[in-house]
Amino acid sequence: MNGGDVEAAGCHDDERKALLEFKHGVMDLSGRLSSWVGQDCCKWKGVSCHNRTGRVVHLELRNPCPNCEWYCKGHELHILGGDKISPLIVLKDLNYLDLSWNAFFETEIPAFLGSLRKLRYLNLSNSGLDGPIPHNFGNLSRLTYLDLSTLQDALQDPLVIMGDRHDVEWLSRLSFLKYINLGGLGFPYRAVTQTLNNLPSLEELHLPECGLSSADLNLSFVNFTSLRVLDLSGNNLNSTLPHWVFNLKNLVHLDLSGSNLSGQFPDGIVDSLEHLDFSDNGIGGRLSSNLGKLCNLRTLKLSHNAISGEITDFVNKLSACSNYSLETLDLRFNAFMGNLPETLGYIKSLKVLQLQNNSFQGKIPESIGNLSSLEQVSLRNNRISFIPKSLGQLCKLVVLDISNNPWEGVITEAHLVNLSSLEEFSIGNESHNISMVFSISSNWIPSFNLRQLDIQSCQLGPKFPTWLQNQNQLNILELKNASISDTIPDWFFQLDLQLDTLDLAHNNISGRLPNKLRFFADSTINLGSNQFDGPLTLFSSNISSLLLNNNMLSGSIPSDIGKAMPMLTHLDFSWNSLNGGIPLSIGNLTQLEFFIISDNHLSGQVPDVWKDVMGLRALDVSNNMLSGTIPKSISFHLMLNLLLLSNNNFSGELPSSLQYCSFLVSLDLGDNKFSGKLPPWIGENMGHLMNLRLTANFFSGNIPPEFCGLSMLHILDISRNNLSGHIPHCLGNLNEMKSGRIDVEEFLASLTNGSLKIVTKGREMEYSYSKLYLVDSIDLSDNNLSGEIPAELTSLIGLQTLNLSANRLTGKIPSSIGNLTLLETLDLSRNKLFGPIPVSMTSLTFLNHLNLSYNNLTGKIPTANQFLTFDDPSIYQGNVGLCGKPLDNDCLGSSQFGTPRGEKEEKDGDLGDKTEKVGFYISIALGFIVGFWGVFGSLIINKSWRYTYFGFVQRVSDTCFVLFHRMFRGRNVAE
């Protein structure tokens, strides 16, 4: 019935005019309707006519973009659009109409469609049409295929296409319907499924992402006797599998992915199934071995669930099928464990095997070499350690991803010899080295031609792999941490590659930067942590990420970098030997997100050019010789997460405009010359801060109580300033330090470079910014703070470091300090603290650095738990009232922890006790004196008595002195 068959009949004039009116009413950017000229409309593209009557019977106006995906490059040129569709009501014989994947936005579904009574096929999916479905659609009684999915504009709030029970009555009249897709329409009631259940001819029912609940599918009886395909994916069923699904004896395709299913994996699946998709749910339990009896299965997808146990029984039964049909086995992102069974290699129909992100261990079975149809294998993120040589026999294999496993052994040519179809190969481990060695001859020529090669943390070097010489189709090349100690050979540049990713980081590659390579748009270059030297040169203008950190580059940053590489989003030149200033052209990098140039020899000021760099998330210029003030244009970056200016010569007060950077996660201004008072707006407006580091500046005044509102804080370091006043009691409200847990900030975890110095464990230690969430620390040392240590600080049970040294703090150490059970470092030295060391400190079993020196502490040093390991007397020196090990002066008395001597600043309760003791001792003394003088008077008269008792009196006087001395020093009278 195409145009070539209808020349005898010709085109009817009324239909030709109607089609031309339709053409003139739509937007046609690509000229898809340019052939709609002349008298014979049956020859027009997309139009077919009946070969006898000449009537138009077929209109194919679907967007021809490949795969019909909206992200398809250039799709916008092929769409038909507009806000009105001219009526085609004269096309009385039309039986096929496809307007899908176009852009008739703000256009209601045309009512004239309900008058085309001979329509058998109607596809309006993704056409941009919206509004209510016309009631006269019930007149389309001959329809066998109806696709109304995703009619509303995805950029607007979803519209309710059907509003009440009356609106679905038209569905019940479509008795010949075999296929219906209402995906994405968002039904608010259960009348739709009840109505569809009464369509006797229905074979395919697609209701994905319709907002259905388990109640909507609670059917009292099932009349889907002919149903072969059921798609309920993307709904919120929040239940176990609907029971009536097990009664669909003709079902071959069941898709319940992403439907929030729960419970155990079901046993009673119908035998006729060919496609089963339960992925993206909450199904648990173990994989039913009965599933292995489904010999008709072609696709099994169970990914992203919580299914556990081994798969041996399931695979054994499946491999026993007389006819192998399974092509796709997707079990990724579950909790499977154990070894992969040898019987896996007997399912010779397998094309796709996805087992990544489980806990499989052992080895890849030798039998895998039997899977001659295998095209994709992913074993990523498991615990498998051995690769058999039989893997090299998979001649149809296109994708092989076995990365992030603890591989052992040697890879030789035999493991790769017959992989002639291989295009993507990934192996290695992102986090640490593995004992996998590539032992491949330098003159070996592989049979494959790769598009992607990713080898990480394997011993590929020391030479640059020569077997890459014929790999001239590479788009992605990652040889990261691969033990290469070589220069990039000349033949590599002669391959004339056009790359999307070049990652050679963490090797020992030397020489000059390879800036002559070609790259696609939005490409990534990572040459960090190597031995590249010479000047920093510019790369291709369409690169988005340029990471050259940890090399030996010298000279200045090219002054025109912002104009020569305008697409940059990530720039990292840290840990080199660059000098000079920051170029003004940085302001041209309007898409820049990460600007990291720390640990160089840069000088001058940071230019105030950041106003147009609207997406900036991280600015790290720390550890240079920069000076001046903080540029005011930084405050334009409301989404800035990291501002790191430490260890430079910046000065002045903090600009108040900085408070608008309310999404800062880390603010590090330490080791500069900033002055003025600490601004309260840091605590008021920066509630996302995890790290606040203002150490080693000239800040003065009090610690603002507003800082207590920083509930996400892990690190507070305002040491080495001129701060005064009391420590705010409300610092005990720092909730993230209370929990004793870690909230990993995804942004910080994504960082690869940058570090922070923290005084902990008695020394300055350096932590990567990507590990900030691992540290909970408060450092207020080297200031002029006074008053007592707030007991509220001891509620921060997650605290690992507390440094209050070198202040003028008084009072006692809080008795509740033992609550800080995770404390590793405690430094209270060089203050004016008095009283005993609290007994509760023996509960600090993680404590490995303690310094209490140069205070006025008294009593016996505890001798339990961690205190047995503190054998350095210097941590207690300067406390003349302390005794016990490791000090030389022993304690008198039997008390384990001793009793404190008298203090000038005593509590009221203590004074009462002391007064009673003093009165008791004074009464004893007076009685003694009266008796003494009675005897002494007699001695004056009697000379012989005088000499007899003289020695006795001397001994009593000495004893009296000792008693009074101990009384006023608060010691127990032990003798």
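The values are calculated or read from the model by the stated rules, or taken from the named source; none is laboratory data. From a predicted model like this one, the values you see are computed outputs, not experimental measurements. Here Cβ is always computed from backbone atoms with ideal geometry, including for glycine, and neighbour counts include all displayed protein chains.
Test Ser657 against the criterion of being surrounded by fewer than 21 Cβ atoms within 10 Å (Cβ to Cβ), assigned by TED's automatic domain parsing to the domain that holds Leu785 and assigned to a helix (DSSP H, G or I), and give yes or no.
Taking the combined requirement at face value, the residue satisfies it.
Could you tell me whether Leu453 is modelled with pLDDT of 95 or more and not in a strand (DSSP E or B)?
no
For the range 347-362, give me the residue count where each residue is surrounded by fewer than 17 Cβ atoms within 10 Å (Cβ to Cβ) and within 30 Å of the chain's Cα centre (by Cα).
The total comes to 3.
Look through Ser485, Ser439, Ser431, Ser435 and report the one residue that is surrounded by fewer than 17 Cβ atoms within 10 Å (Cβ to Cβ), out of contact with any Leu (no Cβ under 6 Å at 6 or more places or on another chain), polar (S, T, N, Q) and under 30 Å from Ser373 (Cβ atoms).
Ser439
Name the residue, out of Ser403, Ser426, that is in contact (Cβ under 8 Å) with a residue 40 or more places away in the chain, on the phi < 0 side of the Ramachandran plot, surrounded by 19 or more Cβ atoms within 10 Å (Cβ to Cβ) and touching a Gly at 6+ places or on another chain (Cβ under 7 Å).
Selected residue: Ser403, the only one of Ser403, Ser426 that is in contact (Cβ under 8 Å) with a residue 40 or more places away in the chain, on the phi < 0 side of the Ramachandran plot, surrounded by 19 or more Cβ atoms within 10 Å (Cβ to Cβ) and touching a Gly at 6+ places or on another chain (Cβ under 7 Å).
Going by what's in this entry, would Asn238 be described as on the phi > 0 side of the Ramachandran plot, at pLDDT below 85 and under 35 Å from the mean Cα position of the chain (by Cα)?
The answer is yes for Asn238.
Does the range 495-502 contain at least one residue that is buried (at least 19 other Cβ atoms within 10 Å of the Cβ), closer than 30 Å to Ser603 by Cβ and of a type outside the set (Gly, Ala, Ser)?
Checked the range 495-502: no residue is buried (at least 19 other Cβ atoms within 10 Å of the Cβ), closer than 30 Å to Ser603 by Cβ and of a type outside the set (Gly, Ala, Ser).
Scanning the range 612-631 for residues that are at pLDDT below 90 and of a type outside the set (A, V, I, L, M, F, W, C), which turns out surrounded by the most Cβ atoms within 10 Å (Cβ to Cβ)?
Step by step, filter the range 612-631, then rank; the result is Gly615.
Among the numbered conditions (1) under 38 Å from the mean Cα position of the chain (by Cα); (2) at pLDDT 90 or above, tell me where Lys45 comes up short.
(1)
Answer yes if at least one residue in the range 363-374 is surrounded by fewer than 20 Cβ atoms within 10 Å (Cβ to Cβ) and either within 19 Å of Leu287 (Cα to Cα) or touching a Cys at 6+ places or on another chain (Cβ under 9 Å) (or both), and no otherwise.
Yes, the range 363-374 contains a residue that is surrounded by fewer than 20 Cβ atoms within 10 Å (Cβ to Cβ) and either within 19 Å of Leu287 (Cα to Cα) or touching a Cys at 6+ places or on another chain (Cβ under 9 Å) (or both).
Those residues that are crowded, with 22+ Cβ neighbours inside 10 Å and in contact with a strand residue (DSSP E or B) (Cβ under 7 Å, 6 or more places away or on another chain), I need them from the range 314-330; list them, please.
The answer is Leu326, Leu329.
Of everything in the range 400-435, what is within 12 Å of Ser457 (Cα to Cα), not in a strand (DSSP E or B) and not acidic (Asp, Glu)? Give them in sequence order.
If the condition is that a residue be within 12 Å of Ser457 (Cα to Cα), not in a strand (DSSP E or B) and not acidic (Asp, Glu), then Asn404, Asn405, Pro406, Trp407, Asn429, Ser431, His432, Asn433, Ile434 are the ones that fit.
Regarding Ser635, is this residue farther than 21 Å from Leu716 by Cα, polar (S, T, N, Q), at pLDDT below 95 and surrounded by fewer than 22 Cβ atoms within 10 Å (Cβ to Cβ)?
It is true that Ser635 is farther than 21 Å from Leu716 by Cα, polar (S, T, N, Q), at pLDDT below 95 and surrounded by fewer than 22 Cβ atoms within 10 Å (Cβ to Cβ).
With the range 311-381 as the region, which strands (runs of 3 or more DSSP E) entirely inside it contain at least 1 residues that are under 20 Å from Leu422 (Cβ atoms) and touching a Ser or Thr at 6+ places or on another chain (Cβ under 8 Å)?
Once the strands (runs of 3 or more DSSP E) in the range 311-381 are filtered for at least 1 residues that are under 20 Å from Leu422 (Cβ atoms) and touching a Ser or Thr at 6+ places or on another chain (Cβ under 8 Å), what remains is 328-330, 352-354.
Could you say whether any residue in the range 387-398 is within 26 Å of the chain's Cα centre (by Cα) and surrounded by 21 or more Cβ atoms within 10 Å (Cβ to Cβ)?
Looking for residues that are within 26 Å of the chain's Cα centre (by Cα) and surrounded by 21 or more Cβ atoms within 10 Å (Cβ to Cβ), one finds none in the range 387-398, hence no.
Given the options Leu241, Leu297, name the one that is buried (at least 20 other Cβ atoms within 10 Å of the Cβ), out of contact with any Pro (no Cβ under 9 Å at 6 or more places or on another chain) and in a loop (DSSP other than H, G, I, E, B).
Leu297
Just to confirm my filter: which strands (runs of 3 or more DSSP E) fall fully inside the range 807-882 and include at least 2 residues that are in contact with a Pro (Cβ under 9 Å, 6 or more places away or on another chain) and crowded, with 20+ Cβ neighbours inside 10 Å?
It comes to 856-860.
Applying the selection to the range 596-614, what residues are closer than 20 Å to Ser554 by Cβ and free of Cβ contacts under 8 Å to residues at least 60 places away in the same chain?
Ile597, Asp599, Asn600, His601, Leu602, Ser603, Gly604
Within the range 470-519, which residues are of a type in the set (S, T, N, Q) and over 21 Å from Ser426 (Cβ atoms)?
If the condition is that a residue be of a type in the set (S, T, N, Q) and over 21 Å from Ser426 (Cβ atoms), then Ser485, Thr487, Gln494, Asn508, Ser510, Asn515 are the ones that fit.
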